[in-house]
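Read through the structure below, which is laid out as structure tokens, and then see the notes.
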Protein chains: 2
Amino acid sequence: MRASTQEKRTRIIEVATELFIDQGYKDTSLDQIVAICGGSKQTLYRYFSNKEGLFIEVLEYNIKNSFDPVFQLAEIQNESLQLTLETFALNYLKKMCANPLVGLFRIICADFNKHSTIPQSFWETGPLRIHQSMIAFLKSERVTHSLHIEDAELACAQLLSLIKLDYYSMALLGLALPDDEQLAKHVKKAVATFLKGYQK
Amino acid sequence: MRASTQEKRTRIIEVATELFIDQGYKDTSLDQIVAICGGSKQTLYRYFSNKEGLFIEVLEYNIKNSFDPVFQLAEIQNESLQLTLETFALNYLKKMCANPLVGLFRIICADFNKHSTIPQSFWETGPLRIHQSMIAFLKSERVTHSLHIEDAELACAQLLSLIKLDYYSMALLGLALPDDEQLAKHVKKAVATFLKGYQK
DNA sequence: AACAAAGTGTACTGTATAGTATCATTTTAA
DNA sequence: TTAAAATGATACTATACAGTACACTTTGTT
């Protein structure tokens, strides 16, 4: 295999990512992608089975790049519990409410919500894995010695929902989110409510 | 005006609602709508400026029909506070996570998230009005005599998020939700966490 | 009855795009 | 150097659909 082959594949995926997110799935034509990448449509079709196949690879590529850093965040465990959660929360919130995740989520729910395994596999490789990280954290001694958590799965879901609030829905709709300072304030309140709800 | 004119308009809107939700915006053609309604494309164009204009009316029609019952629910105030909230929560959750709201939300975020006032007006006439109802309730004596709520707006957002959890995202993706019994259990826990987080 | 407004059926225009085919050109490996 | 594989440029096929034009029919009104 040529040295440039993998680079080219990656380049196509990156250009496709940008266009899909910017214009939506249906409104992004393969001709457009090729025009920006350079090369020809034949090459694209040699790499990817078809438009849907390309999108699936776009998805895998971005899920990997976007969620992995969040997993790491979920494992930070210094300072106070409150501060740990606040730090995680702000990063989690900003990652979830921004591209590429928001743009790709829009496409999955609008263009693949029926007759496709994409939503299920997106859910399992993305959000669900974040949940698992957080559940493990909530079960750790670090947490259990100051909070009374009977059902870690539930507590995790509640914590993440308190963090996201309606900001995720607003991001999906393309509405403007508060600035960083406001978000930081919000996140503190979310963590506070969570801690009080699960205090011993 | 003919007696049937208003009925015909409504019929077009209802058929369009179903097709838009079922197939998405781009995949629903006006020819299809006309074929099911009967009548001709000219008539459709006499009633509605174009496809987008039709969708906007579809939206208004369904927002009105779907959110209004939820407002009423928010005003139920009998029995215990806990029971009142649980009752509201279950109905709110089921309404939010089902069609037509889910299907229309998908379209708004995928097909109108840019260069359109649709998201903003959807947000204001839908979710925001529910928030306002709930904020008023949380400020009522009924609530303030048993809970300590400094910021009713925040408390409202947190409560509704605890109720929705990730079920709304799952519904958008077309993933299956738990059955009614499970949802009822979930809702009790959401209300419990909220009450504990805001207890005096 | 006569007229105008509302509605129908059908065909058409213009445009867009997924996917394929062909053939020339370049790159790589031996 | 040479042959095979990869890539590129371009054109083509088939299809779909928003929006328009137009001739004709129905309905309500005067």
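Here are the numbers for the structure shown:
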item	result
Some residue of segment A:144-152 being of a type in the set (Gly, Ala, Ser) and within 11 Å of chain B (Cβ to nearest Cβ)	no
Residue within segment B:72-88 that is within 30 Å of A:Tyr25 (Cβ to Cβ) and buried (at least 16 other Cβ atoms within 10 Å of the Cβ) present	no
Members of segment B:135-166 found to be closer than 16 Å to B:Lys200 by Cβ and hydrophobic (A, V, I, L, M, F, W, C), listed by number	B:Leu138, B:Val143, B:Leu147, B:Ile149, B:Ala152, B:Ala155
Single match in B:Thr43, B:Thr17 (criterion: closer than 30 Å to B:Ser133 by Cα and among the hydroxyl-bearing types (Ser, Thr, Tyr))	B:Thr17
Test: residue in segment A:163-172 that is within 12 Å of chain B (Cβ to nearest Cβ) and closer than 20 Å to A:Gln72 by Cβ	yes
Residue ID - farthest from DNA strand C (Cβ to nearest atom), chosen from residues in segment A:32-68 that are out of contact with any helix residue (DSSP H, G or I) (no Cβ under 6 Å at 6 or more places or on another chain) and among the aromatic types (Phe, Trp, Tyr)	A:Phe67
Looking only at segment A:11-54, and only at residues there that are surrounded by 19 or more Cβ atoms within 10 Å (Cβ to Cβ) and touching a residue at least 60 places away in the same chain (Cβ under 8 Å), the one that is farthest from DNA strand D (Cβ to nearest atom)	A:Ile21
Every residue from segment A:174-196 that is surrounded by fewer than 23 Cβ atoms within 10 Å (Cβ to Cβ) and under 18 Å from A:Ala98 (Cβ atoms)	A:Gly174, A:Leu175, A:Ala176, A:Leu177, A:Pro178, A:Asp179, A:Asp180, A:Glu181, A:Gln182, A:Leu183, A:Ala184, A:His186
Output for segment A:98-123, where each listed residue is surrounded by 14 or more Cβ atoms within 10 Å (Cβ to Cβ) and more than 10 Å from chain B (Cβ to nearest Cβ)	A:Asn99, A:Pro100, A:Leu101, A:Leu104, A:Ser121
Looking only at segment A:2-31, and only at residues there that are away from every other protein chain (no Cβ under 14 Å) and near DNA strand C (Cβ under 7 Å from one of its atoms), the one that is nearest to A:Phe112 (Cα to Cα)	A:Leu30
Residue match in segment B:149-157 (condition: closer than 27 Å to B:Lys51 by Cα and in contact (Cβ under 8 Å) with a residue 12 or more places away in the chain)	no
B:Phe137 within 30 Å of B:Thr28 (Cβ to Cβ) and touching a helix residue (DSSP H, G or I) at 6+ places or on another chain (Cβ under 7 Å)	no
Conditions (1) modelled with pLDDT under 95; (2) more than 9 Å from chain A (Cβ to nearest Cβ); number of the one not met by B:Leu128	(1)
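A quick yes/no check of all residues on (1) more than 28 Å from A:Asp111 (Cβ to Cβ); (2) at pLDDT 95 or above; (3) among the small types (Gly, Ala, Ser):
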residue	(1), (2), (3)
B:His148	yes, yes, no
B:Ser161	no, yes, yes
B:Ala176	no, yes, yes
B:Leu183	no, yes, no
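Matching residues to (1) within 29 Å of A:Lys139 (Cα to Cα); (2) at pLDDT below 90; (3) touching a strand residue (DSSP E or B) at 6+ places or on another chain (Cβ under 9 Å):
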| residue | (1), (2), (3) |
| --- | --- |
| A:Tyr61 | no, no, no |
| A:Lys64 | yes, no, no |
| A:Pro69 | yes, yes, no |
| A:Gln77 | yes, yes, no |
| A:Leu81 | yes, no, yes |
| A:Thr84 | yes, no, no |
| A:Met96 | yes, no, no |
| A:Phe105 | no, no, no |
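The values are calculated or read from the model by the stated rules, or taken from the named source; none is laboratory data. Here the structure is a predicted model, which is why all the values come from computation and not from measurement. Cβ: placed from backbone, ideal geometry, glycine included. Neighbour counts: every protein chain shown.
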